[in-house]
């Protein structure tokens with residue numbers, strides 16, 4: 001009896017310790033976003049005397065967002081990002097599903113599977129480099145087009161392996177019975193594997209979506225037209241511009257009475273607004289995919 005009670009007390013104590021640790025980790029991860037939100041919705045005047053740690057707004061104001069959408073091409077960046085994401089995500093998912101299906105096949109059903117798999121995995125660790133890729137994109141006539149950002153990263157080897165692991169957990173009897181009924185590879189993939197792999201596909205789609213949303217380096221290389229720049233690149237350019245010159249250049253001469261200190265706070269507020277604009281959309285989408293995300297990660301990790 002004492003042994004059982006002691007074990008229960010130890011388990012409860014361990015649960016409490018884990019809960020406390022997770023609580024402080026959650027605070028540490030949540031605070032930066034709360035701080036940026038509070039700064040972006042505060043007046044620049046109030047930020048001059050604001051404490052270093054802020055949880056709530058000081059003198060609520062939407063000035064930073066008004067300046068952001070008025071003086072920059074944020075909406076154009078949103079449009080370009082959505083175009084790249086919508087086209088790229090469809091292409092990513094289709095090609096990744098086909099590759100994962102190939103990698104999940106039994107060796108006796110697929111010729112040269114092992115050497116091809118090795119060649120695919122090598123691409124996870126080695127690449128041709130930035131200069132050869134730039135020359136390739138230019139010579140293929142993709143320069144300054146959305147395809148220059150979409151096609152080079154159309155397949156992620158990591159995502160393909162993750163989806164392959166899920167496919168391998170599907171019983172072989174399903175596709176074998178489908179083959180006996182005359183089903184081809186396309187039918188097996190899109191009619192059997194695809195409906196059964198929604199959790200894993202949600203994970204892969206999230207990874208690809210985040211990659212497209214945050215991508216700025218490749219567009220900076222391949223897209224010379226400013227009107228085609230995605231949101232991440234526009235935000236980066238704006239942050240560099242505001243860090244270099246402050247908000248004075250955006251506001252013009254109508255605010256010459258404001259002190260340089262206030263200009264710095266306007267710059268800080270706009271930078272915080274940029275972070276919120278770039279972060280919130282995926283934070284709103286994630287709760288709808290959370291169930292599939294957790295399931296997909298766990299199932300995909302059971303077999304490798």
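Each value in this text was obtained by applying a stated rule to the coordinates, not by laboratory testing. Worth saying up front: this structure is predicted, and the values here are computed from it rather than measured. Cβ sites come from the backbone with ideal geometry, for glycine too, and all protein chains shown count toward neighbours.
Given 4 °C and 1.567 mPa s, compute D for region 122-212 with the Stokes-Einstein relation, Rh being the Kirkwood radius over Cα pairs; round to the nearest whole µm²/s. Provide the component values of the computation, followed by the final result.
On the way: Rh = 15.8 Å.
D, rounded to a whole number, is 82 µm²/s.
Ranked highest first by the average count of other Cβ atoms within 10 Å around their residues, in what order do 183-193, 228-238 fall? It would help to have the intermediate numbers written out before the result.
Values: 183-193: 14.8, 228-238: 21.8.
In descending order of packing, they fall as 228-238, 183-193.
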Note to self: For 94, 20, which order do you get if you count the other beta carbons within 10 Å of each Cβ and list the fewest first?
What the structure shows: 20, 94
Note to self: Looking at the calculated P(r) for region 72-118, what percent of the C-alpha pair distances fall above 12 Å?
What the structure shows: 69 percent
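Tell me, what is a quarter of the convex hull surface for the C-alpha atoms of region 74-226, in nm² with one decimal?
Details: hull surface 41.8 nm².
Here the figure is 10.5 nm², rounded to one decimal.
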Note to self: Once you keep just the Cα pairs under 8 angstrom separated by 6 or more residues, what percentage relative contact order results for region 74-226?
What the structure shows: 42 percent
